[in-house]
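The values are calculated or read from the model by the stated rules, or taken from the named source; none is laboratory data. These numbers come from a predicted model, not from an experiment. Every residue, glycine as well, gets a Cβ built from its backbone with ideal geometry; the counts of neighbours run over all protein chains shown. For accessibility, only protein heavy atoms count, side chains too; no ligands or nucleic acids. Shrake-Rupley method; radii C 1.70, N 1.55, O 1.52, S 1.80 Å.
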Amino acid sequence: MLLDGDEWRAMLQGFQSEAWRLETLPQYLVPQEAGELAAFRAGKRVAPHAYSSAYTEDLKRLRGGGRSKGRVHVLTRPLSEYLRFEFSRYYAPHVLAGEDIRILDVTERENPLPVGDFWMFDSSTVVLMHYEGDGTQISRELHEGDPAPFIEWQRIAVAESVPFLEYAERVTE
C-alpha cells in the first residue's frame with residue numbers, strides 16, 4: 001500500500017509514543033526546500049536557538065505530551081552540500097526543540113545496516129521510503145511484513161551512532 005497526502009499526514013501525527021526514521025542518502029531533493037537551499041548557498045544561516053517553525057513547535061508539543069521523534073542519519077565524509085545544509089537548517093534547531101537526532105558515520109567502517117530509508121511508528125508500523133538515485137522521493141510504501149528486523153536495525157543504528165550535537169562539534173567538513 002502506497003501512502004500519500006492525508007494518509008501520510010495521519011501516520012506522521014497519529015503515532016502513540018514514537019516516530020523514528022532511518023536516513024541513508026547524502027541528499028534529498030525536496031522542491032519546497034529550494035529557496036532555503038539557495039539562501040544557504042548564499043551564506044545565510046539560521047540561529048538554532050532562536051529558530052521556530054511549525055515543525056519545531058510540533059516537536060515541543062509532542063515532547064510535552066510524552067511522545068518522541070528521532071532519527072539516525074547514516075553518512076560518509078566529506079559531507080555533501082545538502083548534508084551541511086540539513087545540519088544547519090534542520091538538525092540543529094530540531095535537536096533543540098526535542099528531536100533525538102543521531103549520526104552514524106561509516107566513512108572508515110562498514111555500514112552495519114543492510115537497509116535503506118524507513119520510518120517506524122510505535123515499533124509496529126514501518127513505512128519504506130523509496131528514492132531515485134539523486135534523492136528525489138518516488139513513494140512511501142507501508143511494509144506489510146514483520147517489523148522485528150526494523151526494530152533490530154533501529155537498535156543497531158542508535159547503539160552505533162552519536163548524538164548530532166556531539167558529531168557536529170567534531171566534524172567541520
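General observations
- Elements of the type helices (runs of 4 or more DSSP H) sitting completely within segment 49-120 and holding at least 2 residues that are buried (at least 17 other Cβ atoms within 10 Å of the Cβ) and either among the small types (G, A, S) or touching a residue at least 60 places away in the same chain (Cβ under 8 Å) (or both): these cover 92-96.
- Complete set of residues in segment 124-137 that are under 17 Å from L22 (Cβ atoms) and over 15 Å from the mean Cα position of the chain (by Cα): S124, T125
- The set of residues in segment 8-36 that are in contact with a Lys or Arg (Cβ under 9 Å, 6 or more places away or on another chain), among the aliphatic types (A, V, I, L, M) and at pLDDT 95 or above comprises A19, L22.
- Test: R45 is within 24 Å of V126 (Cβ to Cβ), open to solvent by 50 Å² or more (accessible area, probe 1.4 Å) and either polar (S, T, N, Q) or without any contact (Cβ under 8 Å) to a residue 60 or more places away in the chain (or both): no
- Scanning segment 124-155 for residues that are outside any strand (DSSP E or B) and surrounded by 16 or more Cβ atoms within 10 Å (Cβ to Cβ) yields a total of 5.
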